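Chemist: Here it is, the structure, as C-alpha cells.
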Amino acid sequence: MENMVESREWYLAEYCPEGVPTSDHLKLRTVSRSLADDSIPDNHLAVETLLLSVDPYLRRTITGTIDGLYMPQHEINQVLKRVFAIVRVIRSKDSKYTEGDILLNGNGYVAEYSIVPSSDIMRKIDPANGISLSDYLGTLGVAGFAAWLGIEVIGDPKPGSHVFISAASGAVGMSAGQLAKIRGCRVIGSTGSDDKVNLIKEEFGYDDGFNYNAESDFDAALSKYFPDGIDVYLDNVGGKMLEAVLNHVNKYARIPLCGMISQYNQVDTVI
C-alpha cells in the first residue's frame, strides 16, 4: 500500500432540519490521505472500509438542532462518522492488531480510508469462520441485537401471544419476527409495499402482514389482523401507527420502543 491514497468520502455540506436530505446536504468528495507511519498516532490504525451500515439514527445527527438525544450533531464540512463498519487494517500502531486484520469498527467513517483509534474497534473477525462479513452489520450487529433485546428481553412474549412488528422487512424487523415465531407467537408485520409483505411471509416466517401505504385507516387494519388485541408491539416507526396500536393493546401488553423512523425527517415540537 502506498503512503498516499485517494479516498472518497461523504461529508455534511449543509444541515437538513426537516424533509428528505438531498445532494445539497450530503456530498461526495475525494481527498488525498496519508497512511504513512508518521501520520498514524500511537494506538491508532490506518484502515480500509470494506462494508458499512447506514442506519436511520444518523438522520438525527445532521439536523443542526440539539434534540437531547445521545448523539451529537455532525459539523459542517465534516466527514460522516459514527457508523458500524467492517474494515481491513492497512497499518497499525497498536500491538493488538496487524496488517490484514479484519475488524468491526463501532465508530467508523463513511470513507474509503481513514485513521481510527484502536479503542473504537469492537472485535476481530475471522474471515474463515464461514460467516458473511455483512452479517456482522445485520443479524450479528446492532440491528440483530435490537431485535433480540426488543423481543427476548423487553417484549418477552409467551407462546400464543399476538405480536405486531412495524418496519417488518427492515434490518430489525426481519430478525424480530423470526425470534417471536421461535417463541410460538402469532406474528403480523407492517411494511411499505406489497412486495415487502410477500417477503416477510415467504422469507422471514411472518404469519401475515399489510402494506401501510395501502391502508387508509390503521385502526381498521389492526382490528382486522388483531381481533383479539395485541400483546407485544415492537415499534420501529412511531407516529400514527403507534397511536393506532394504543387503541388495540391488551391489558399488560408490552411495547418495546426501538425506533421512530416516520418522525426523523420532521422538526420536533415541544408542547
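Chemist: How many residues does the range 215-263 hold that are of a type outside the set (A, V, I, L, M, F, W, C) and buried (at least 17 other Cβ atoms within 10 Å of the Cβ)? So that I can check it myself, show each step before the final result.
Modeler: Filtering the range 215-263 for residues of a type outside the set (A, V, I, L, M, F, W, C) gives 215-217, 219, 223-225, 227-229, 231, 233, 235-236, 238-240, 243, 247-248, 250-252, 254, 256, 259, 262-263.
In the following step, the residues that additionally are buried (at least 17 other Cβ atoms within 10 Å of the Cβ) were identified as 225, 231, 233, 235-236, 238, 248, 254, 256, 259, 262.
Residues meeting the conditions: 11.
Chemist: Please verify whether ILE66 is touching a Leu at 6+ places or on another chain (Cβ under 9 Å), over 30 Å from SER92 (Cβ atoms), of a type in the set (A, V, I, L, M, F, W, C) and not in a strand (DSSP E or B), treating the condition exactly as stated. Give the derivation first.
Modeler: On the way: touching a Leu at 6+ places or on another chain (Cβ under 9 Å): no; over 30 Å from SER92 (Cβ atoms): yes; of a type in the set (A, V, I, L, M, F, W, C): yes; not in a strand (DSSP E or B): yes.
No.
Chemist: Filter the range 45-101 for residues that are hydroxyl-bearing (Ser, Thr, Tyr) and closer than 17 Å to GLY141 by Cβ and give the result.
Modeler: Just the residues of the range 45-101 that are hydroxyl-bearing (Ser, Thr, Tyr), to begin with: 49, 53, 57, 61, 63, 65, 70, 92, 95, 97-98.
Scanning the range 45-101 gives THR49, SER53, TYR57.
Chemist: Test of understanding: among ILE121, ILE102, which residue is touching a Leu at 6+ places or on another chain (Cβ under 8 Å) and over 10 Å from LEU45 (Cβ atoms)? Give the steps one after another, and end with the answer.
Modeler: Details: ILE121 fails: over 10 Å from LEU45 (Cβ atoms).
From the options ILE121, ILE102, the qualifying one is ILE102.
Chemist: Checking the conditions here, which among ASN105, ASN77 is open to solvent by 80 Å² or more (accessible area, probe 1.4 Å) and in contact (Cβ under 8 Å) with a residue 40 or more places away in the chain? Let's see the steps before the verdict.
Modeler: Numbers: ASN105 fails: open to solvent by 80 Å² or more (accessible area, probe 1.4 Å).
Of ASN105, ASN77, the one residue that is open to solvent by 80 Å² or more (accessible area, probe 1.4 Å) and in contact (Cβ under 8 Å) with a residue 40 or more places away in the chain is ASN77.
Chemist: Okay, moving on. I'd like the residue in the range 141-194 that is among the polar types (S, T, N, Q) and in contact (Cβ under 8 Å) with a residue 60 or more places away in the chain and, out of all such residues, is most open to solvent (accessible area, probe 1.4 Å).
Modeler: Step by step, filter the range 141-194, then rank; the result is SER161.
Chemist: Residues that are within 15 Å of the chain's Cα centre (by Cα) and under 26 Å from TYR11 (Cα atoms): which strands (runs of 3 or more DSSP E) entirely in the range 87-154 hold 2 or more of them? Break it down into steps so the answer makes sense when it comes.
Modeler: Details: elements: 102-109, 113-117, 121-125.
Result: 102-109.
Chemist: Another one. Please state which of the following conditions THR49 fails to meet, knowing it meets all the rest: (1) in contact (Cβ under 8 Å) with a residue 60 or more places away in the chain; (2) touching a His at 6+ places or on another chain (Cβ under 6 Å).
Modeler: Condition not satisfied by THR49: (2).
The values are calculated or read from the model by the stated rules, or taken from the named source; none is laboratory data. These numbers were taken from a predicted model, which means no experiment stands behind them. Using ideal geometry, Cβ is built from the backbone for each residue, glycine included, and neighbour counts are taken over all protein chains shown. Heads up: the accessible areas ignore ligands, DNA and RNA and are worked out on the full protein's heavy atoms, side chains in. Shrake-Rupley method; radii C 1.70, N 1.55, O 1.52, S 1.80 Å.
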